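**Student:** My questions will all concern the structure given below.
The values are calculated or read from the model by the stated rules, or taken from the named source; none is laboratory data. Everything numeric in this text was worked out from a predicted model, so none of it was measured. Note: ideal-geometry Cβ built from the backbone for every residue, glycine included; neighbour counts use all protein chains shown. Quick note on the areas: whole protein, heavy atoms, side chains included, nothing else; ligands and nucleic acids left out. Shrake-Rupley method; radii C 1.70, N 1.55, O 1.52, S 1.80 Å.
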Amino acid sequence: RSIEWLAQKLPEAELTAVLNSENKSQGIDNFHQVVDSVPEVHKNIVLITIESLSASFMEHFGNSEGITPHLDKLADESLFFTQLYATGNRTVRGLEAVTLCTPPTPGGSVVKQKNNSNLFTTGKLLKERGYRVQYLYGGDSYFDNMKTFFGGNGYEIIDKKSFAKEEITFSNIWGVCDEDMFDKAIKVFNENTASGEPFFGHIMTTSNHRPFTYPEGKIDIPAHYKCRAGGVKYTDYAIDKLIGPAKNQPWFKNTIFVILADHCASSSGKTSIPLPKYHIPALIYAPGFVAPQKVEKMVSQIDVMPTLFGLLHFSYDSYFYGKDVFNPDYKSRAFIATYQDLGYLEKDVFTILSPIRMVEQFNVIQIDGVLEQGNQVVKEPSFERSAIANYQSICKRYVD
């Protein structure tokens, strides 16, 4: 599972030089300092990772089914990322991307690996600033090793076992429905506010997942249809049932909502890493603090939280690979991986590192506003070095 069987390794001096050039880091551990001249703002943060929400489900990206009316409206009121790409095709990859802000490792996610405690995480950064840090999940957090990962990194775990019987109106194999999860979250955030601490609540949804069951009578797609469109529309409905009541809470005006998908609904395609199947929506919503704006540059899922920290003017010692997209030095690129293939997307070139030290590079074209891998084979040594350097260094941190 080392980078050795994925591509030629760079000598340490060259590896360090590439990382220093790209990330302004001071070594192969990617250490660098983020400095802001404006005092920090410690607003509450609610991070919602939505199960399997492809960008193609939203009207903003051409969908005509009307299954995300609330998210589409929210996007118009938010900082809205229109060309953002997920790091992988599993929930643990999305959780890894917004928690560690690093490229995905080959093989299994860090979330599922052993010895994954006491890492440099978004939660750690916020906890150092006096935040109460919590992970909220409507299912059993033992699933996918979430309890071990988040618990071992300082998060309080609030999962289905934390719900009183009367707090559950509907559940399936994955856990309570999204409405129940969001109702519970509001109660938790109210309790946090009473304690006087700023809070960071990371919520993982469950309803947009097979078997796509949800409470009857909530949306115009009957629950017994058990279809993806129903799952998407119910989750969209539930998010509105979170944001609406949240506006009446004392903490709302001092809170930023970050909403994005963990990954797309499907990752199959004609190529090993079909780019449109990794295109996800993301938005940052905070009326009166974050002005509505479209971010149309191509960005990675790992950049979302560093961008948020930039909006809050945080200064910190960082090991993140993710960057603030508004930093003048920001370079558009995305890291996209399967279990074996590691992709690196920059400008109009897609580099893929595969087993047996194979490296392939293809041109990238845009069709209907979405990036796709073309058929033309290209050779861009600088992008190949960037791909190898980033993946090699993250393997050195977590795998080797």
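**Student:** When you go through Tyr285, Tyr278 one by one, which is the residue that is within 24 Å of Glu360 (Cα to Cα), touching a Ser or Thr at 6+ places or on another chain (Cβ under 8 Å) and open to solvent by less than 40 Å² (accessible area, probe 1.4 Å)? Steps first, please.
**Tutor:** Numbers: Tyr285 fails: within 24 Å of Glu360 (Cα to Cα).
Step by step, each of Tyr285, Tyr278 is checked, and only Tyr278 is within 24 Å of Glu360 (Cα to Cα), touching a Ser or Thr at 6+ places or on another chain (Cβ under 8 Å) and open to solvent by less than 40 Å² (accessible area, probe 1.4 Å).
**Student:** Would segment 82-101 turn up any residue that is open to solvent by 40 Å² or more (accessible area, probe 1.4 Å) and either in a helix (DSSP H, G or I) or out of contact with any His (no Cβ under 8 Å at 6 or more places or on another chain) (or both)?
**Tutor:** Filtering segment 82-101 for residues open to solvent by 40 Å² or more (accessible area, probe 1.4 Å) gives 90.
Now drop any that are not either in a helix (DSSP H, G or I) or out of contact with any His (no Cβ under 8 Å at 6 or more places or on another chain) (or both), which leaves none.
Looking through segment 82-101, none of the residues is open to solvent by 40 Å² or more (accessible area, probe 1.4 Å) and either in a helix (DSSP H, G or I) or out of contact with any His (no Cβ under 8 Å at 6 or more places or on another chain) (or both).
**Student:** Go through (1) within 15 Å of Leu242 (Cα to Cα); (2) among the hydroxyl-bearing types (Ser, Thr, Tyr); (3) free of Cβ contacts under 8 Å to residues at least 24 places away in the same chain for Ser207 and report which single condition fails.
**Tutor:** (3)
**Student:** Would you pick out the residues in segment 159-176 that are farther than 10 Å from Asp140 by Cα, in a loop (DSSP other than H, G, I, E, B) and open to solvent by less than 70 Å² (accessible area, probe 1.4 Å)?
**Tutor:** Phe163, Ala164, Ile168, Phe170
**Student:** While we're looking at this one, here's another question. Please enumerate the residues belonging to segment 102-130 that are assigned to a helix (DSSP H, G or I), more than 24 Å from Phe199 (Cβ to Cβ) and open to solvent by less than 40 Å² (accessible area, probe 1.4 Å).
**Tutor:** Kept after step one, since they are assigned to a helix (DSSP H, G or I), are these residues of segment 102-130: 110-112, 122-127.
Next, from what is left, pick out any that are more than 24 Å from Phe199 (Cβ to Cβ): 110, 112.
Correct list: Val110 only.
**Student:** Pairs needed: first member in segment 378-400, crowded, with 18+ Cβ neighbours inside 10 Å and among the charged types (D, E, K, R); second member anywhere, assigned to a helix (DSSP H, G or I) and modelled with pLDDT under 95; C-beta distance under 6 Å; at least 6 residues apart or different chains.
**Tutor:** Hits for this filter: Arg385/Val18.
**Student:** Within segment 358-393, which residues are in contact with a helix residue (DSSP H, G or I) (Cβ under 7 Å, 6 or more places away or on another chain) and among the aromatic types (Phe, Trp, Tyr)?
**Tutor:** Tyr391
**Student:** So, one more: Counting only residues that are touching a Gly at 6+ places or on another chain (Cβ under 6 Å) and outside any helix (DSSP H, G or I), which one in segment 246-284 is modelled with the lowest pLDDT?
**Tutor:** In this case the residue turns out to be Ile273.
**Student:** In the set Ile239, Ile221, Ile203, Ile243, which member is part of a strand (DSSP E or B) and crowded, with 17+ Cβ neighbours inside 10 Å? If you could, list the steps in order and put the result at the bottom.
**Tutor:** Numbers: Ile239 fails: part of a strand (DSSP E or B); Ile221 fails: part of a strand (DSSP E or B); Ile243 fails: part of a strand (DSSP E or B).
None of the other options fit; the residue is Ile203.
**Student:** Further question: Among (1) polar (S, T, N, Q); (2) without any contact (Cβ under 8 Å) to a residue 24 or more places away in the chain; (3) under 30 Å from Lys277 (Cα atoms); (4) surrounded by fewer than 19 Cβ atoms within 10 Å (Cβ to Cβ), there is one condition Ser141 misses while meeting the rest; what is its number?
**Tutor:** Here Ser141 meets the rest and fails (4).
**Student:** Return the residues of segment 324-359 that are out of contact with any strand residue (DSSP E or B) (no Cβ under 6 Å at 6 or more places or on another chain), more than 15 Å from Ala389 (Cβ to Cβ), touching a residue at least 40 places away in the same chain (Cβ under 8 Å) and assigned to a loop (DSSP other than H, G, I, E, B); say none if nothing qualifies.
**Tutor:** Of everything in segment 324-359, those that are out of contact with any strand residue (DSSP E or B) (no Cβ under 6 Å at 6 or more places or on another chain), more than 15 Å from Ala389 (Cβ to Cβ), touching a residue at least 40 places away in the same chain (Cβ under 8 Å) and assigned to a loop (DSSP other than H, G, I, E, B) turn out to be Asp324, Asp329, Thr338, Tyr339, Gln340, Pro355, Ile356, Arg357.
**Student:** Quick one: Asp368 ticks every box in (1) surrounded by 15 or more Cβ atoms within 10 Å (Cβ to Cβ); (2) under 28 Å from Glu296 (Cβ atoms) except a single one, so which number is it?
**Tutor:** Looking at each condition in turn, Asp368 falls short on (1).
**Student:** Could you check segment 194-212 and list, in sequence order, the residues that are within 20 Å of Ser266 (Cβ to Cβ) and out of contact with any helix residue (DSSP H, G or I) (no Cβ under 6 Å at 6 or more places or on another chain)?
**Tutor:** Within segment 194-212, the first condition is being within 20 Å of Ser266 (Cβ to Cβ), and the residues that meet it are 204-212.
Within segment 194-212, Met204, Thr206, His209, Arg210, Pro211 meet the criteria.
**Student:** State which residue is surrounded by the fewest Cβ atoms within 10 Å (Cβ to Cβ) when the search covers only segment 185-200 and only residues that are in a loop (DSSP other than H, G, I, E, B) and in contact (Cβ under 8 Å) with a residue 12 or more places away in the chain. Working first, answer last.
**Tutor:** Of all residues in segment 185-200, those in a loop (DSSP other than H, G, I, E, B) come to 196-198.
Adding the requirement that they be in contact (Cβ under 8 Å) with a residue 12 or more places away in the chain leaves 197-198.
Numbers: Glu197: 14, Pro198: 19.
Residue satisfying both the conditions and the ranking: Glu197.
**Student:** Just need a number here: residues in segment 227-236 that are surrounded by fewer than 20 Cβ atoms within 10 Å (Cβ to Cβ) and either closer than 19 Å to Asp180 by Cβ or hydrophobic (A, V, I, L, M, F, W, C) (or both).
**Tutor:** 2
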